Amino acid sequence: MQPLALFFLVTVAIGGIAWVFLYPILSGEKKAEQRRANVAKAEPVVTRQVRGQKSRRDSIEGTLREMEERHKKQKRQPLSVRITQAGLSWSKQRYYITSAALGIGAFLVGTIIDTGLLTAVGLGFAAGLGVPSWLLKFLKTRREAKFIDALPDAVDVIVRGIKAGLPLLDSLKVITIDSPEPLRSEFAAIVETQAIGMPLGEACAKLYERMPLPEANFFGIVIAIQQKSGGNLSEALGNLSRVLRDRKKMKGKIKAMSTEAKASAAIIGSLPIAVMCLVYITSPDYIVVLFTEPLGRLMLAGSAIWMTMGILVMRKMINFDF
């Protein structure tokens with residue numbers, strides 16, 4: 001019995017050892033476990049997509065941060081840039097000469113009509129410093145309005161060109177041929193800047209420097225991000241075109257709603273001048289003292305200052321930023 005029991009125990013031990021070490025190899029169970037481990041170590045598709053979206057988002061945030069820092073440094077624009085934004089080809093010397101000529105001319109006119117030395121000097125400073133600056137601002141505003149009116153159509157042209165298979169640069173060249181001013185010259189500057197070696201994204205981003213408008217900034221951001229991160233450019237520009245048209249509609253609604261306030265401000269601002277003219281026509285002896293006496297001239301100057309301050313306050317109240 002002892003030999004049989006010993007043989008049975010040895011057989012069971014050998015069978016157990018074989019089951020533990022040989023069966024996984026022969027049955028393929030070990031390979032299956034390795035395969036499951038490799039699959040478990042592999043990165044899920046969702047995780048890869050999330051990481052791809054995160055890297056794209058980081059790239060977009062970096063681009064926006066760079067543009068924001070660049071725009072912060074350009075809050076105070078030099079005179080040459082303001083002249084360019086107004087659409088003029090003047091040099092700084094010509095601007096200063098024109099300002100000096102206007103100031104001297106206003107001073108001479110004040111001296112000839114005998115308004116007093118202080119009043120003549122004030123007229124000279126106002127004409128020499130205020131009129132050229134106001135002219136640049138007026139021309140810049142008018143030029144920006146023309147640019148905004150034509151920009152959505154230009155973006156639609158780019159979208160149609162990209163969908164038709166044209167490269168982005170060729171679509172921009174189409175705008176330089178068929179679009180009105182100032183859109184034509186601004187996009188021609190983009191094409192010329194890109195031709196000398198600057199990347200197209202940076203060239204489009206510089207549009208905001210020459211045309212400081214949110215719409216121009218939107219366009220530059222879309223092109224710059226697409227050049228760095230890729231994506232469907234036609235879809236992005238199509239969305240931009242809709243945004244630009246919606247902003248244009250909103251601007252028209254705001255302008256219509258603020259017309260009444262602007263008319264009231266114009267009436268209030270012109271009422272004192274109109275009353276003074278009527279009194280001068282009907283009773284000139286009553287009001288001529290303001291022009292002949294020093295105290296009357298001082299009162300006129302003070303009234304003009306207060307009226308100007310009131311008009312500026314009303315203008316600030318009825319101008320809406322959006």
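The values are calculated or read from the model by the stated rules, or taken from the named source; none is laboratory data. It should be emphasised that the depicted structure is a prediction, and the values quoted were computed from it without experimental measurement. Cβ atoms come from the backbone with ideal geometry, glycine included; neighbour counts cover every protein chain shown.
Points to keep in mind about this one:
Residue by residue, here is whether (1) within 14 Å of Ala216 (Cβ to Cβ); (2) part of a helix (DSSP H, G or I); (3) among the acidic types (Asp, Glu); (4) out of contact with any helix residue (DSSP H, G or I) (no Cβ under 6 Å at 6 or more places or on another chain) holds:
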{"residue": "Arg160", "(1), (2), (3), (4)": "no, yes, no, yes"}
{"residue": "Ile177", "(1), (2), (3), (4)": "no, yes, no, yes"}
{"residue": "Ala188", "(1), (2), (3), (4)": "no, yes, no, no"}
{"residue": "Cys204", "(1), (2), (3), (4)": "yes, yes, no, no"}
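- Close pairs (8 angstrom Cβ cut-off, 6 or more residues apart or separate chains): in contact (Cβ under 8 Å) with a residue 12 or more places away in the chain and surrounded by 13 or more Cβ atoms within 10 Å (Cβ to Cβ) in the stretch 263-275, assigned to a helix (DSSP H, G or I) and among the basic types (Lys, Arg) anywhere: Ala265/Arg315
- Residue pairs whose Cβ atoms lie under 9 Å apart, sitting 6 or more positions apart in sequence or on different chains, and linking a residue in the stretch 167-181 that is free of Cβ contacts under 8 Å to residues at least 12 places away in the same chain to a partner that is basic (Lys, Arg), are Ile177/Arg184.
- Each residue in the stretch 271-322 was checked for being outside any helix (DSSP H, G or I) and of a type in the set (Val, Ile, Thr), and 1 pass.
- Test for Leu129: is it modelled with pLDDT of 60 or more, hydrophobic (A, V, I, L, M, F, W, C) and more than 30 Å from Leu237 (Cβ to Cβ): yes
- Condition check for Phe291: loosely packed, with under 11 Cβ neighbours inside 10 Å and either under 30 Å from Arg247 (Cβ atoms) or modelled with pLDDT under 85 (or both): no
- Residue in the stretch 311-318 that is closer than 30 Å to Ile221 by Cβ, of a type in the set (D, E, K, R), modelled with pLDDT of 85 or more and loosely packed, with under 11 Cβ neighbours inside 10 Å present: no
- Test: residue in the stretch 211-234 that is assigned to a helix (DSSP H, G or I), surrounded by fewer than 19 Cβ atoms within 10 Å (Cβ to Cβ), among the aromatic types (Phe, Trp, Tyr) and out of contact with any Ser or Thr (no Cβ under 9 Å at 6 or more places or on another chain): yes
- When each of Ser89, Ser80 is tested for being among the small types (Gly, Ala, Ser), part of a loop (DSSP other than H, G, I, E, B) and without any contact (Cβ under 8 Å) to a residue 40 or more places away in the chain, the lone residue that passes is Ser89.
- Residue that is modelled with the highest pLDDT [pool: residues in the stretch 191-208 that are hydrophobic (A, V, I, L, M, F, W, C) and surrounded by fewer than 21 Cβ atoms within 10 Å (Cβ to Cβ)]: Val191
- The residues in the stretch 84-108 that are at pLDDT 85 or above, among the aliphatic types (A, V, I, L, M) and either closer than 16 Å to Ala301 by Cβ or in contact with a Leu (Cβ under 7 Å, 6 or more places away or on another chain) (or both) can be counted, and the count is 1.
- Residue in the stretch 243-252 that is out of contact with any strand residue (DSSP E or B) (no Cβ under 6 Å at 6 or more places or on another chain), surrounded by fewer than 19 Cβ atoms within 10 Å (Cβ to Cβ), within 27 Å of Ser80 (Cα to Cα) and modelled with pLDDT of 85 or more present: no
- Every pair of residues 6+ apart whose Cβ atoms lie under 8 Å, when the first sits in the stretch 218-245 and is charged (D, E, K, R) while the second is assigned to a helix (DSSP H, G or I) and at pLDDT below 85: Lys228/Ser59; Lys228/Thr63; Lys228/Gly201
- Residue within the stretch 71-81 that is at pLDDT 85 or above, of a type in the set (Val, Ile, Thr) and closer than 30 Å to Pro214 by Cα present: no
- Thr308 falls short of the stated requirement of being modelled with pLDDT under 85 and on the phi < 0 side of the Ramachandran plot.
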